[in-house]
1. Across all directions of projection, what mean area in square nanometres is found for the Cα convex hull of the stretch 383-503?
2. Using square roots of five times the C-alpha gyration tensor eigenvalues, list the equivalent-ellipsoid semi-axes of the stretch 200-292 in whole Å, biggest first.
3. Hey, could you get me the Stokes-Einstein D for the stretch 448-516, Kirkwood radius over alpha-carbon pairs, 25 °C and 0.890 mPa s, rounded to whole µm² s⁻¹?
4. For Asp134 and Arg2 in the same chain, what is the full-extension length gain: residue separation times 0.36 nm, less their Cα-Cα distance, in nm?
5. Below 28 Å, Cα to Cα, which lysines can Lys229 reach? Residues fewer than 8 away in the same chain don't count.
6. Work out how much length Lys523 to Ile351 would gain on full extension: take 0.36 nm times their residue separation and subtract the Cα-Cα distance, in nm to one decimal.
7. Tell me, what is the FRET efficiency for Lys542 and Leu10 to the nearest 0.05, using R0 = 56 angstrom and their Cβ-Cβ distance as r?
8. What shape does the chain have by the C-alpha gyration tensor, where a ≥ b ≥ c are the square roots of the eigenvalues, rounded means a/c under 1.5, and otherwise prolate means a/b greater than b/c and oblate the rest?
Amino acid sequence: MRSDNIKKGLERAPHRSLLKAVGLTDEEMALPFIGVVNSWNEIIPGHIHLDKLAEAVKAGIRMAGGVPFEFNTIGICDGIAMGHTGMKNSLPSRELIADSIELMVEAHQFDGMVMIPTCDKIVPGHLMAAGRLDIPAIVVTGGPMMPGIVGDEPRDVISLFEAVGARQNNKLSDEELKILEDCACCGAGSCAGLFTANTMACVTEALGLSLPGCGTAHAVDAKKTRIAKHTGMKILELVEKGIRPTQIVTRESLDNAIRVDMAIGGSTNTALHLPAIAQEFGLDLPLMRFDEISKETPHLINLRPGGDRYLIDFERAGGVPAIQQRLQEKLDMDTLTVSGKTLGENLKEYIIINPRANKEIIATLESPIHAEGGIAVLKGSLAPDGSVIKQTAVSRNMQRHSGHARVFDGEEAAMKAIMAKKIKPGDCLVIRYEGPKGGPGMREMLSPTAAIAGMGLIDSVALITDGRFSGGTRGPCIGHVSPEAADGGAIALVRDGDIIEIDIPKRVLNLKLSQEELERRRKAWKPPAPKVTRGYLARYQKQVGSADKGAVFRY
């Protein structure tokens, strides 16, 4: 066992003594040591229950004859960090989470690990560490929140962000806003729609790194606790058989996961996280692979924010296995999963518990909701290296759009203009110097997009940024524009009044200027001074790469 490095032999007597100081017995010294990597904390709703989930995991480990050791990572709530300088820290936390897991696992030589994350950057941070360490590992994502009920209708946190714009436009009263504030987010779990956290949970299951059914099992459901116990038991089997994450995450399983992502209409953030995860597994995942798979994968379930269904509806309809069953002719069924079985073997055991919901909520390949998947990759003179949009959340009349640029250097200036009602129908709102380096940290632009939606401009105003968007964003919102402004990309050269052309079906994002004019502006452009000069963000700014490559550190 790997843990023999810290517990066997004459020279390890001091190590055993330290282990006995935490309560271990001689009998436990002979058993596999399993790290329980928990991102529990008391500020993220998606994580407030993970202490209890960890207890279930540890119970499963003990039942199967292992010794669990729990340790924690940091975790940031994107919703609470949204719309202010705090969001600069969210994406950078992904790398720090992966690094901290690596340090703990390598220092203590665990034989395997169970990873317990829930939210946006925390799940990919765990998955990156799984690939880097390549010891037996299983992920238990914490599960979605139930939707709140207001006015006899389900609601979620995006309802609040959009309500801010509605209140500013006098479409909502203070009392109505307060009721929504009190009731929309009703307890433990990740936000109730298919935003980044729940997208990544589904992608983790589709990769084969969670047990079947884990991705949509809700935080308050006892099913999640049972999955956690079974996960604790299963990790001992993986340790015994020597099944490692690199045997599970392959080019084929990455394609499977992207295909599921496209079919469910997931967050554009997967175009950042999956390439970063792939790199840690020694695999290259070009941004264009998302577009290639999207073009041949229909959209099968209309979840929030693009649709009106919630994760609880997806769970009732059968979750990820139900989508995989619909897609099975397009999936590689021989990929291995942490169940110890192949995807094909797992699906043979899958039982549709709610056949009517399954049929009503999940469309078929023959009669999909949209002919193409959730994400489109746009290129052109404004984004030579690519940009991403959630095309299934864009109305038909905004699939093609040309408008005059309204340019802002940062989210705050744009938000001020939106709230002052200075953005008009037809505008192309450009928010720049918000990329991985320029932010630094590549903030999400949910506050501006939600305010635009709340003001009734979602079908007439486009938003383009080198930053990124929340999984809760809807409408013609194009992010990850690469190269970013801080690297001298074309987005740095846009001026108020320039014409921007968007054509989603043709995958085009153009700045309608001559090459000569672009070069003239490029020669006059000067790189901005760094926004931070000390601390973690300063180090991040120096090391981080482009969004089209996953915004990973340059080695």
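1. The Cα convex hull of the stretch 383-503, projected and averaged over all directions, gives 6.3 nm².
2. The answer is 25, 18, 9 Å, longest axis first.
3. The estimated diffusion coefficient comes to 185 µm²/s.
4. Going from the current span to full extension adds 46.3 nm.
5. Lys7, Lys20, Lys52, Lys58, Lys121, Lys241, Lys341, Lys348
6. Length gained between Lys523 and Ile351: 55.7 nm.
7. After rounding, the FRET efficiency stands at 0.75.
8. prolate
Since every read-out is calculated from the coordinates, none of them should be taken as a lab result. These numbers were taken from a predicted model, which means no experiment stands behind them. For neighbour counting, all protein chains shown are included, and Cβ atoms are generated from backbone atoms with ideal geometry for every residue, glycine included.
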